[in-house]
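Below you will find the structure I want to go over with you.
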Amino acid sequence: MPTGTFFRLSEEKRGRLIDAAWEEFTRVPYGDVSINRIIQAAGIPRGSFYQYFENKKEDLLAYMLEGVAQFFDDLFTHALQNAQGDVFAVILQAYDGLVFRRNEADENLIRCIKLFRLNPEVIMHNVISQGPDRFPLSIAAKVDTTGLRQRDEAFTRQVCSLLLFALG
């Protein structure tokens with residue numbers, strides 16, 4: 001993950017770096033991503049970049065994917081509210097939300113789609129490795145569990161995680 005030095009950067013400089021990273025990660029597959037192109041586009045010295053991220057590409061992508069995960073968490077939360085807690089109806093609600101938003105110039109959604117298309121194996125590995133524990137408890141707590149085989153928190157998070165994974 002990013003170091004404390006990264007978070008002490010000005011918001012403008014952090015934004016330039018992340019925008020340049022998004023541009024690179026959505027332009028070429030993960031294996032072809034160039035740190036040099038990112039730092040040139042962001043206008044930062046190479047040595048500075050290595051003070052911001054310990055594992056270079058891996059940490060940078062993980063940080064970017066946090067934003068993607070938050071995007072889908074928000075989408076799932078909104079859909080869950082519309083579905084009145086029905087975890088099985090939520091996937092249709094969320095899908096409809098994605099389709100509706102596709103016609104808007106939503107930069108986050110466009111970036112997500114490009115990233116998923118170029119790097120499906122990297123994204124899947126990241127999502128699978130985090131497992132259901134990554135699914136926020138605050139969202140799982142809003143699920144109506146009456147239609148589930150089990151009603152415990154761990155099972156609910158697992159079902160939600162699988163549905164969110166399928167939506168992605």
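Search the range 6-31 for residues that are closer than 15 Å to residue 59 by Cβ and pair each with any residue that is open to solvent by less than 30 Å² (accessible area, probe 1.4 Å) and of a type in the set (D, E, K, R) when their beta-carbon atoms are under 6 Å apart and the residues are at least 6 apart or on different chains.
none
Quick grid of which residues meet (1) open to solvent by less than 80 Å² (accessible area, probe 1.4 Å); (2) of a type in the set (Val, Ile, Thr); (3) closer than 23 Å to residue 119 by Cα; (4) at pLDDT 80 or above:
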| site | (1), (2), (3), (4) |
| --- | --- |
| 39 | yes, yes, yes, yes |
| 64 | yes, no, yes, yes |
| 70 | no, no, yes, no |
| 81 | no, no, no, yes |
| 85 | yes, no, no, yes |
| 89 | yes, no, no, yes |
| 106 | yes, no, yes, no |
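Residue-wise test of (1) under 25 Å from residue 95 (Cα atoms); (2) open to solvent by 20 Å² or more (accessible area, probe 1.4 Å).
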position: 10; (1), (2): no, yes
position: 42; (1), (2): no, no
position: 47; (1), (2): no, yes
position: 73; (1), (2): yes, no
position: 77; (1), (2): yes, yes
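Yes or no, residue by residue, for (1) within 16 Å of residue 55 (Cβ to Cβ); (2) touching a Gly at 6+ places or on another chain (Cβ under 6 Å); (3) of a type outside the set (Asp, Glu):
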{"position": "2", "(1), (2), (3)": "yes, no, yes"}
{"position": "16", "(1), (2), (3)": "no, no, yes"}
{"position": "19", "(1), (2), (3)": "no, no, no"}
{"position": "33", "(1), (2), (3)": "yes, no, yes"}
{"position": "39", "(1), (2), (3)": "yes, no, yes"}
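Which members of the range 108-146 meet the condition of being farther than 16 Å from residue 165 by Cα, at pLDDT 75 or above and surrounded by 13 or more Cβ atoms within 10 Å (Cβ to Cβ)?
110, 111, 114, 118, 142, 143, 144, 145, listed by residue number.
Follow-up question, since we're still on this one. Pick from 20, 41: which is in a helix (DSSP H, G or I) and over 18 Å from the mean Cα position of the chain (by Cα)? Steps first, please.
Details: 20 fails: over 18 Å from the mean Cα position of the chain (by Cα).
From the options 20, 41, the qualifying one is 41.
Among the candidates 149, 157, which residue alone is modelled with pLDDT of 75 or more, among the charged types (D, E, K, R) and loosely packed, with under 13 Cβ neighbours inside 10 Å? Walk me through it before giving the result.
Numbers: 157 fails: loosely packed, with under 13 Cβ neighbours inside 10 Å.
Selected residue: 149, the only one of 149, 157 that is modelled with pLDDT of 75 or more, among the charged types (D, E, K, R) and loosely packed, with under 13 Cβ neighbours inside 10 Å.
Moving on. Would you confirm, using the coordinates I've provided, whether residue 20 is over 29 Å from residue 161 (Cα atoms) and either open to solvent by less than 20 Å² (accessible area, probe 1.4 Å) or of a type in the set (S, T, N, Q) (or both)? Quick ask: steps written out before the conclusion?
Details: over 29 Å from residue 161 (Cα atoms): yes; either open to solvent by less than 20 Å² (accessible area, probe 1.4 Å) or of a type in the set (S, T, N, Q) (or both): yes.
So residue 20 passes the test.
The values are calculated or read from the model by the stated rules, or taken from the named source; none is laboratory data. Computed from a predicted model, the values in this text were never measured in an experiment. For neighbour counting, all protein chains shown are included, and Cβ atoms are generated from backbone atoms with ideal geometry for every residue, glycine included. Areas reflect the complete protein model, heavy atoms only, side chains present, ligands, DNA and RNA absent. Shrake-Rupley method; radii C 1.70, N 1.55, O 1.52, S 1.80 Å.
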